[in-house]
Each structure stands twice: as structure tokens, then as C-alpha cells.
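Report on the structure given below.
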Amino acid sequence: MNALLFVYLSLATCVKADIVGVWLTANEEVKIEIYHENSDFFGKVIWISKESDTNIRIGDIVLNNLKRNTEENNYIDGVFVYGDKKVNCSFDKLSERELQVKMKKGIWSNSVIWTKVEN
């Protein structure tokens, strides 16, 4: 029984930690900290380059309700929120240091690579 509990807790920790951490966006102007809360992942802005002309601020929650899809080993059904804009998103982990971020709204879509950074 103790062995089963240990395996379950180990697997749960691995799932939570898979994309948790700080990621540098593709344009290298914003760092987003992804964290796990309840069964979803969220992202908060923790750094913005001085050269950035973005309308987001440090502390803004820009990623909401991203869910882990264990069947395809990716993350789906997330929503980016910046200002009054909302864009659907999904993530594919390419490596320990790279996330492919796919965004879609209507017929528009885009895909970028984020890089994991140390805090």
C-alpha cells in the first residue's frame, strides 16, 4: 500500500512539474511563470524587457485554464488574455527547454517557441 502511494505521488509530481517554471517568450521581451493550480496551469508575467512596448504589466495573469492532455502528451484548452484580447492556445513540450506555443482565434493562427530560463 505504501509503495502504491509513493508511485502515485511521484507521478503526480512529475505531471505538475512538466511545464512549471519560468519561460522566455519568443520575442525575448517577457518572462512568464507557469504554475499548476488545482487541475489547470496558469501563467503570470514576472519580467518585461525595458524595450518592450507591450500593454501587459508584471503580475498580470496572461495564461488561464491550460489542461494537460495525457493521451497526446500535450497541453490544451488554454486561453491567453492580454488587455481586452483573448486567444485560444495549446502547448507542446519539444524538449526540457523548449515549448511550442500554438495560438488561434477565428481563422488566424500562430506558433512560437518559448525557452525555459532559470528564475
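The values are calculated or read from the model by the stated rules, or taken from the named source; none is laboratory data. Everything numeric in this text was worked out from a predicted model, so none of it was measured. As a convention, Cβ positions derive from the backbone with ideal geometry for all residues, glycine included, and neighbour counts pool all protein chains shown.
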Fill in: Candidate set: the range 37-77, residues that are out of contact with any strand residue (DSSP E or B) (no Cβ under 9 Å at 6 or more places or on another chain) and among the polar types (S, T, N, Q); chosen: the one farthest from F91 (Cα to Cα)
N38
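Condition check ((1) at pLDDT below 90; (2) closer than 19 Å to T115 by Cα; (3) in contact with a Phe, Trp or Tyr (Cβ under 7 Å, 6 or more places away or on another chain); (4) hydrophobic (A, V, I, L, M, F, W, C)) across all residues:
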{"site": "L24", "(1), (2), (3), (4)": "no, yes, yes, yes"}
{"site": "E33", "(1), (2), (3), (4)": "no, yes, no, no"}
{"site": "F41", "(1), (2), (3), (4)": "no, yes, yes, yes"}
{"site": "D53", "(1), (2), (3), (4)": "yes, no, no, no"}
{"site": "L66", "(1), (2), (3), (4)": "no, yes, yes, yes"}
{"site": "T70", "(1), (2), (3), (4)": "no, no, no, no"}
{"site": "I76", "(1), (2), (3), (4)": "no, yes, no, yes"}
{"site": "V81", "(1), (2), (3), (4)": "no, no, no, yes"}
{"site": "D84", "(1), (2), (3), (4)": "yes, no, no, no"}
Response to the item:
For the range 44-62, pairs from a residue that is in contact (Cβ under 8 Å) with a residue 12 or more places away in the chain to a residue that is surrounded by fewer than 11 Cβ atoms within 10 Å (Cβ to Cβ), with Cβ under 7 Å and 6 or more apart or across chains, are K44/G59; V45/R57; V45/G59; N55/G83
Response to the item:
Considering residues that are of a type outside the set (A, V, I, L, M, F, W, C) and part of a strand (DSSP E or B), the number found within the range 47-87 is 12
Worksheet item: Do you know which residues across the range 72-86 are closer than 19 Å to I19 by Cα and surrounded by fewer than 12 Cβ atoms within 10 Å (Cβ to Cβ)?
Response: E72, N73
Item to complete: Scan the range 25-35 for residues that are crowded, with 18+ Cβ neighbours inside 10 Å and either among the basic types (K, R) or over 16 Å from Y82 (Cα atoms) (or both) and report the count.
Response: 1
Worksheet item: Restricting the first residue to the range 87-105 and requiring it to be under 19 Å from T70 (Cα atoms) and touching a residue at least 60 places away in the same chain (Cβ under 8 Å), which pairs with a second residue that is of a type in the set (S, T, Y) and outside any strand (DSSP E or B) meet a Cβ separation below 9 Å and a spacing of at least six or different chains?
Response: V101/T25
Response to the item:
Restricted to the range 88-119 and to residues being of a type in the set (S, T, Y) and modelled with pLDDT under 95, the residue farthest from W47 (Cα to Cα) is S109
